[in-house]
Amino acid sequence: MPENNSNAEQLLRHDWKAAEVEALYSLPFADLMYRAQTVHREGFDPNSVQVSTLLSIKTGGCAEDCGYCPQSAHHESAVKAEPLMPLDKVLESAAQAKETGASRFCMGAAWRNLKDRDLERVADMVSGVKDMGLETCVTLGMLEEHQAKRLKDAGLDYYNHNLDTSPEFYGDIISTRTYQDRLDTLSYVRDADINVCSGGIVGLGESQQDRAGLLISLANLPTHPESVPINLLVKVEGTPLANHEDIDQLEFVRTIAVARLMMPKSVVRLSAGRESMSDELQAMCFLAGANSIFYGEKLLTTDNPDTDHDQKLFSRLGINTEFGEHTAPAKEACSH
Ligand code: SAM
Ligand code: DTB
Ligand code: SF4
């Protein structure tokens, strides 16, 4: 591990080894937080947080068997399958998100993969949202190369596709698509020059080695994802993971801090799971280097904190949401 952490540039590495990431996890908490906050301040305004609003444009009935997900047709959750939302409803929702202060609008579909028959409808949604002056993001499952290019042409800024966990633990959670399938989609997104949003979930019953393994898979990609969502499992009744034991909250904070250290220029999103977190835990996550959240009363199908509550929290913490050119990460100059 490099001794000198004072220069974020030096830390743009793509060759992380398990032992050194596990050593970061094992640092005394204050040392880890100090290092993460130092690197964070070199790359970003520490008082600025980016806000994205999510909308489920196609809910439920998904063919995949992801053990955490209420939208999988393999589980008996309360989520009912619905068809793809009409364009006008999506734009209405985006306008509302903009009004409430979101800078990015993320549209999620409970699909295993995007079908060509839906491509143009989704492309119209992307163009419509982009024309409102919002950044655009979609998460639609696996993509093919030509689909990624079409979405880029429509004005897509970010594609979200998570690795979810380590390659070793992955098979315990999902059996219907492989880790390599996910990596392939990420490479089509990268090749189409769309910003990559990829992260994972903490609290699936994985070990600390698996958490380190997830971060290694992300950081050792040829280019770091521009956006790294770290989700805390939202336990939903009817899913196989509904009754899982809670993870130690400080271990969650450590995961944010280690992600910050390994991917110093990426925006790390304190993603799903905030509804079950105290304000103090969220504050600790921002100190550890998280600088993005989902903003709005719903994630895809589950609850998120009220916008009023988030605004009060930001005000108490002196956090602004003017996350713009001056705070956004610079593109990696070269990948190695
Ligand atoms: N179907 C697409 C896919 O899986 O790529 C897009 C939507 S899917 C709901 C997006 C991500 O949400 C998943 O990869 C997972 O990381 C996260 N997610 C789903 N259910 C979750 C839960 N109960 N708790 C935390 N994160 C969850
Ligand atoms: C991500 O990493 N988390 C978001 C977003 N990307 C699409 C989704 C969280 C979903 C939580 C469960 C639900 O609301 O259905
Ligand atoms: Fe389907 Fe995505 Fe849920 Fe997996 S996470 S079941 S792919 S909606």
So, Asp210, is that one charged (D, E, K, R) and either without any contact (Cβ under 8 Å) to a residue 24 or more places away in the chain or more than 13 Å from ligand 1 (Cβ to nearest atom) (or both) or not? yes
Which one is nearest to ligand 2 (Cβ to nearest atom) among residues in the stretch 288-297 that are within 15 Å of the chain's Cα centre (by Cα) and within 12 Å of Glu275 (Cβ to Cβ)? Phe294
Which residue is nearest to ligand 2 (Cβ to nearest atom), if the candidates are limited to the stretch 78-89 and must be surrounded by fewer than 17 Cβ atoms within 10 Å (Cβ to Cβ) and assigned to a loop (DSSP other than H, G, I, E, B)? Ala78
Return the total of residues in the stretch 90-105 being within 16 Å of ligand 2 (Cβ to nearest atom) and among the β-branched types (Val, Ile, Thr). 1
Matching residues in the stretch 144-160 (within 18 Å of the chain's Cα centre (by Cα) and open to solvent by 10 Å² or more (accessible area, probe 1.4 Å)) number 3
Out of the residues in the stretch 228-275 that are assigned to a strand (DSSP E or B) and either in contact with a Gly (Cβ under 8 Å, 6 or more places away or on another chain) or on the phi > 0 side of the Ramachandran plot (or both), state the one that is surrounded by the most Cβ atoms within 10 Å (Cβ to Cβ). Val268
Going through (1) crowded, with 18+ Cβ neighbours inside 10 Å; (2) part of a helix (DSSP H, G or I) one by one, Glu92 fails only at (1)
Within the stretch 180-198, identify whether any single residue is within 22 Å of Asp248 (Cβ to Cβ) and open to solvent by less than 10 Å² (accessible area, probe 1.4 Å), and answer yes or no. no
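The values are calculated or read from the model by the stated rules, or taken from the named source; none is laboratory data. Owing to the predicted nature of the structure, the values given are computational and were not obtained by experimental measurement. Cβ atoms come from the backbone with ideal geometry, glycine included; neighbour counts cover every protein chain shown. Keep in mind that these areas ignore ligands, DNA and RNA; they rest on the heavy atoms of the full protein, side chains included. Shrake-Rupley method; radii C 1.70, N 1.55, O 1.52, S 1.80 Å.
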